[in-house]
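Written below as structure tokens is the structure these notes are about.
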Amino acid sequence: MSSPSSWLFSDSSRYSTRARLLFMGLSFAIGILTFLLYLALWYICTTRRRRQQRLSAAAAAAADAAGGMSADAIAALPTFTFSVDGGGAAAALDCPVCLGQAEAGDKVRRLPKCGHAFHAECVDAWLRAHSTCPMCRAAVGPPAAAVATKAAAAATAEALPPV
Ligand SMILES: [Zn+2]
Ligand SMILES: [Zn+2]
């Protein structure tokens with residue numbers, strides 16, 4: 001009675017050992033496969049991100065080379081609504097881009113450095129491709145003094161010790 005039971009026990013234990021080995025081998029293989037898959041995904045993501053960064057950097061460099069201004073920079077330029085009741089010589093404004101006269105209610109942009117004025121929509125289209133005044137080719141942008149003041153203010157803020 002004890003002999004068959006021990007035979008059965010030993011057989012079942014041998015079987016379970018083999019099954020356990022098989023299971024361990026399988027899980028080991030699955031673990032390695034998962035790790036490889038994870039590595040591959042990580043590699044693909046990294047290279048894609050790097051390529052996107054390189055592409056966006058190239059696009060920014062191309063925009064710089066072409067000299068176009070960003071929409072934010074264009075929107076930051078001083079704008080006013082043209083009105084004829086200002087009177088005097090300022091009443092007539094010829095837009096050099098479309099060669100048309102500004103009419104009351106037209107949006108007009110005045111470039112801060114050279115003071116030339118244009119229809120906002122006319123000069124916006126130009127400034128998206130260039131960063132110079134279409135009349136005198138002076139560089140458009142915030143006056144150098146304002147930039148210097150801002151930089152100085154930032155430097156002062158950094159120099160101050162935390163309270
Ligand atoms: Zn115009
Ligand atoms: Zn100008």
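At-a-glance table
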read-out: Qualifying residue in the stretch 74-84 (condition: closer than 30 Å to Ala104 by Cβ, of a type in the set (A, V, I, L, M) and modelled with pLDDT under 85); value: yes
read-out: Selection from the stretch 113-163 of residues that are away from ligand 2 (no atom under 14 Å from the Cβ), modelled with pLDDT of 60 or more, closer than 29 Å to Asp94 by Cβ and not aliphatic (A, V, I, L, M); value: His119, Glu121, Asp124, Arg128
read-out: Criterion (more than 16 Å from ligand 2 (Cβ to nearest atom), of a type in the set (Lys, Arg), at pLDDT 85 or above and not assigned by TED's automatic domain parsing to the domain that holds Met135) met by exactly one of Arg14, Arg49, Arg54; value: Arg49
read-out: Single unsatisfied condition, Ala60 versus (1) modelled with pLDDT under 70; (2) within 13 Å of Val108 (Cα to Cα); value: (2)
read-out: Search result, residues across the stretch 91-106 that are more than 18 Å from Cys136 (Cβ to Cβ), surrounded by 15 or more Cβ atoms within 10 Å (Cβ to Cβ) and modelled with pLDDT of 90 or more; value: Asp106
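The values are calculated or read from the model by the stated rules, or taken from the named source; none is laboratory data. Please read these numbers as outputs of a predicted model, since none were measured by experiment. Note that each Cβ is placed from the backbone with ideal geometry, even for glycine, and that neighbours are counted across all protein chains shown.
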